[in-house]
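Report on the structure given below.
The values are calculated or read from the model by the stated rules, or taken from the named source; none is laboratory data. Remember, predicted model here, so these are calculated numbers, not experimental data. Positions of Cβ are backbone-derived with ideal geometry, glycine not excepted, and every protein chain shown enters the neighbour counts. Quick note on the areas: whole protein, heavy atoms, side chains included, nothing else; ligands and nucleic acids left out. Shrake-Rupley method; radii C 1.70, N 1.55, O 1.52, S 1.80 Å.
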Amino acid sequence: MRPILLQGHERSITQIKYNREGDLLFSVAKDTVTNVWYSVNGERLGTYNGHTGAVWCVDCDWDTKNVLTGSADNSCRLWDCQTGKQLALLETNSAVRTCGFDYSGNIIMFSTDKQMGYQCFLNFFDLRDPQQIEDNQPYQSIPCNDHKITSAAWGPLGEFVIAGHENGEFNQFSAKDGEILKKVKEHTKQINDLQTSLDLTMFISASKDNTAKLFDSATMDHIKTFRTERPVNSAAISPIMDHVVMGGGQEAMEVTTTSTRIGKFEARFFHACYEEEFGRVKGHFGPINCVAFHPDGKSYASGGEDGYTRIHCFDPQYFDFELEA
C-alpha cells in the first residue's frame, strides 16, 4: 500500500474532502490556500485563492460545480470549482468553523466561532436567492449561546443539520425553522469531527475524550463506540465495508511534552460491528487532523499536522479480510 503524497500546503491540514464521484480531493490548511487534486494520481489541479486567514473547512456540492470554504479571516466563500473564480463572499463577525452544502447543492450552512465578544451562530443561505448573498442576510441564523459548534454536517434530505459542540453534545437543528429537533450528549469532551456515511443514514463523531462514536442520523441513537488512548481528531465510515478509520494524536501544543516514540500518529482501522481494531497505517510526522474515505471505498486519504495529505489505495487483501470473531 504505497501512499501518494500531496505536497501543496505550508502549514497543517485542517480538512480534506472528496467530491461525490471521488475523482477530486479538496484540501484546506492553516496557510490560506485551498487546493484541489486528482485523487487517482495526486496531481494538483489548481488552487482557490482569496482567503487571508487559516481555512478551517471545505465542502463541494453533489455535481462538483461549486466549492465552499470557511476561514479564520471572518468569511465564507463560494467558488466556481472548474475555474477557481470566487462567486460569493459572505462576511461574518468571527471565524467560520464549519461549512457544508445540503444534498441539493442549493442551500449552504456555516457556523461561526464564539470569539471577541461575538456569539456562535449557525447560518443558512439559499443560493437560489441572489438577494440573500448580496445583502449578506441568511434566511436563518441560529444563535448557540452555551457552547460553540466545533463540527457540523447535513442530515439526510437536507432537513436538518447535525452539530457537535465543544462540551461534547449534539444538536439537530431544523433547516426550516431553526428549532432544536433532538439533543444528545454521549461524549464527555469536545467533538473534533463529524462525518456522515455515504447514504447519510449514519454519522461518526471523533472526540477529545479518546473515542469515536457511531450514531443514527435521524433518531440520534448511539450505535457503537470505538475507544483509543489518545484524542481522536477525525473519523470516517467506509462506504463498502463495515470499517471505520480514525486519525488522532495529541493537540499540537502538547506534542513536545510527551514521549517522542515514532509511529504514534497512525491511522487506525476498526471494525464497525465488533468495535475492534484490526489495522494501523503509519506515515504522518505528527497528529492526523482529518481522514476521509474515497466514495468507492477502495482508498482513503489523511491530512496531518505536518502539512501533507496522503492518499492510500488498499491492497486486494484488504477486501477479502474478515475479522475472526
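Residues are listed down the side, and each one gets a yes or a no for (1) in contact (Cβ under 8 Å) with a residue 60 or more places away in the chain; (2) touching a Leu at 6+ places or on another chain (Cβ under 6 Å); (3) not basic (Lys, Arg):
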| residue | (1), (2), (3) |
| --- | --- |
| Glu169 | no, no, yes |
| Gln172 | no, yes, yes |
| Lys182 | no, no, no |
| His187 | no, no, yes |
| Asn192 | no, no, yes |
| Ser197 | no, no, yes |
| Leu200 | yes, no, yes |
| Ala206 | no, no, yes |
| Asp209 | no, no, yes |
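Can you name every residue in the stretch 91-105 that is open to solvent by 20 Å² or more (accessible area, probe 1.4 Å) and assigned to a loop (DSSP other than H, G, I, E, B)?
Residues satisfying the conditions are Thr92, Asn93, Tyr103, Ser104.
Given (1) in contact (Cβ under 8 Å) with a residue 24 or more places away in the chain; (2) in a strand (DSSP E or B); (3) of a type outside the set (S, T, N, Q), where does Leu87 come up short, assuming only one miss?
(1)
Hey, could you check the stretch 140-158 for residues that are surrounded by 15 or more Cβ atoms within 10 Å (Cβ to Cβ) and part of a loop (DSSP other than H, G, I, E, B) and say which is nearest to the chain's Cα centre (by Cα)?
Among those residues, the one meeting the criterion is Gly155.
Condition check: in contact (Cβ under 8 Å) with a residue 24 or more places away in the chain, open to solvent by less than 40 Å² (accessible area, probe 1.4 Å) and farther than 19 Å from Glu169 by Cα. Does Asp113 satisfy that? I'd like the intermediate steps shown before the answer.
Numbers: in contact (Cβ under 8 Å) with a residue 24 or more places away in the chain: yes; open to solvent by less than 40 Å² (accessible area, probe 1.4 Å): yes; farther than 19 Å from Glu169 by Cα: no.
So Asp113 does not fit the description; no.
So is Trp56 in contact with a Gly (Cβ under 6 Å, 6 or more places away or on another chain), under 18 Å from Asn289 (Cβ atoms), among the aromatic types (Phe, Trp, Tyr) and open to solvent by 10 Å² or more (accessible area, probe 1.4 Å) or not? Outline the logic, then answer.
Working: in contact with a Gly (Cβ under 6 Å, 6 or more places away or on another chain): yes; under 18 Å from Asn289 (Cβ atoms): yes; among the aromatic types (Phe, Trp, Tyr): yes; open to solvent by 10 Å² or more (accessible area, probe 1.4 Å): yes.
Yes: the conditions hold for Trp56.
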